Amino acid sequence: MALNLKELSKKPELLSPGHRACAGCGSVIAIRQALMAVEGPVVVGFATGCMEVSTTIYPYTSWRIPYIHDAFENAAATISGVETAYRALKKRGKIKGDMKFIAFGGDGGTYDIGLQSLSGALERGHDFLYICYNNGAYMNTGIQRSSATPFCAATTTSPAGEVIPGKVQFPKDLTSIVAAHHVPYAAQASPHNWRDYIGKVKKALAIEGPTFINVIASCFRGWRTEPTTSLDIVKTAVDTCFWPLYEVENGEYKLNYKPKEKLPIEDWIKVQGRFKHLLDDKHQSLRDEFQDYVDQEWATLLEKTGDQVQKVAV
């Protein structure tokens, strides 16, 4: 059944309003949309980060479902333990019915600190969905670089100056790393395309075994943008092909969106303060290097997918 916006709007909110996230926070949008795909009982594990801090400041919580606050590094380990306990109790007849398990983590707690526990949970084959809300830095603790931070982005630990032009490395391709674990499903998504994203969450939750979704989530504080541009800016990331929308199902790469006109990466970086130094004429070679990287990654993805767009069936 196709996703219906009117029907989705009638569903109860599993993450209540009144939390303390910033206005225009892209991560909150990504989490709310993901929870719209949930049907039936669900348990959420959440790595320490912006969204954990802003939604669970003691003695309050915004979560209307069973929620476990994990350390930075062990959200995947915790949720795999809960999933194992559920299967054991269900086998003994102490739990009736089906239950879903979701772990959330930012890019710091997923790409870096939590990668070991995520890899272990994927390899063991636990039945859960891991969603990385990817805002490209450790935003909660002061906007430090992570391995998801884009090339030349200025952060507090990769400041743009005379010595370095922001982060000098390109971001880690975590979605492909997860797919290399031979999981049944991995995907990239963006909340501006809610139909694609929610459809992917529904699909992932329906699949038995470990699944993974990497969703881009804007942060106006770290990206140095306006709060009102949260969805516009991730749309541009997709239309420049910096953040392509695709899925890997049982090892098969499928492209979900191809822009009619591929925008230059400069259209994305010019509206973000973290890249303002990059617009200086003396950094033309770095802009060219960034564009070459995006073009090469996009060409590689087109080769993997056969250049054919396949919409997510929901």
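Residue-wise test of (1) in contact (Cβ under 8 Å) with a residue 60 or more places away in the chain; (2) small (Gly, Ala, Ser); (3) within 26 Å of Ile177 (Cβ to Cβ).
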site	(1), (2), (3)
Val44	yes, no, yes
Cys50	yes, no, yes
Lys94	no, no, no
Asp98	no, no, no
Phe101	no, no, yes
Gly105	no, yes, yes
Ser119	yes, yes, yes
Leu129	yes, no, yes
*For Leu118, work out the one condition from (1) over 26 Å from Ser54 (Cβ atoms); (2) of a type in the set (A, V, I, L, M, F, W, C); (3) in a helix (DSSP H, G or I) it doesn't fulfil.*
(1)
*Qualifying positions in the stretch 12-35 - touching an Asp or Glu at 6+ places or on another chain (Cβ under 9 Å) and at negative phi*: Arg32, Leu35
*Taking the stretch 22-55, which residues are farther than 17 Å from Gly136 by Cα, of a type outside the set (Val, Ile, Thr) and touching a helix residue (DSSP H, G or I) at 6+ places or on another chain (Cβ under 7 Å)?*
Ala23, Gln33, Ala34, Met36, Ala37, Gly45, Phe46
*Tell me, please, whether a residue that is surrounded by fewer than 21 Cβ atoms within 10 Å (Cβ to Cβ), in contact (Cβ under 8 Å) with a residue 24 or more places away in the chain and assigned to a strand (DSSP E or B) can be found in the stretch 265-275.*
no
_Residue list for the stretch 159-187, filter: hydroxyl-bearing (Ser, Thr, Tyr) and in contact with a Pro (Cβ under 9 Å, 6 or more places away or on another chain)_ = Tyr185
*Of all residues in the stretch 121-143, which are hydroxyl-bearing (Ser, Thr, Tyr) and either farther than 15 Å from Asn74 by Cβ or not in a strand (DSSP E or B) (or both)?*
Tyr133, Tyr138, Thr141
*asked:* Among the residues of the stretch 100-108, are any modelled with pLDDT of 95 or more, farther than 30 Å from Ser147 by Cβ and part of a helix (DSSP H, G or I)?
replied: no
_Take residues that are more than 14 Å from the chain's Cα centre (by Cα) and tell me which of the strands (runs of 3 or more DSSP E) falling wholly in the stretch 144-258 contain 3 or more._
252-255
_Residue pairs, Cβ under 6 Å, 6 or more apart or interchain, first in the stretch 211-225 and surrounded by fewer than 24 Cβ atoms within 10 Å (Cβ to Cβ), second among the basic types (Lys, Arg). List them._
Arg224/Arg274
_I want to confirm something. Restricting to the stretch 73-92 and keeping residues that are among the small types (Gly, Ala, Ser) and surrounded by 14 or more Cβ atoms within 10 Å (Cβ to Cβ), which single residue is farthest from Arg124 (Cα to Cα)?_
Ala75
*Which of the residues spanning the stretch 34-72 are outside any strand (DSSP E or B), buried (at least 19 other Cβ atoms within 10 Å of the Cβ) and not hydrophobic (A, V, I, L, M, F, W, C)?*
Thr48, Gly49, Glu52, Thr55, Ser62, Asp70
*Residue list for the stretch 180-197, restricted to those being among the hydrophobic types (A, V, I, L, M, F, W, C) and either without any contact (Cβ under 8 Å) to a residue 40 or more places away in the chain or surrounded by 24 or more Cβ atoms within 10 Å (Cβ to Cβ) (or both)*: Ala180, Ala186, Ala187, Ala189
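The values are calculated or read from the model by the stated rules, or taken from the named source; none is laboratory data. Remember, it's a predicted structure, so these values are computed and weren't measured experimentally. Cβ coordinates were reconstructed from backbone atoms using ideal geometry, including for glycine residues, and neighbour counts include every protein chain displayed.
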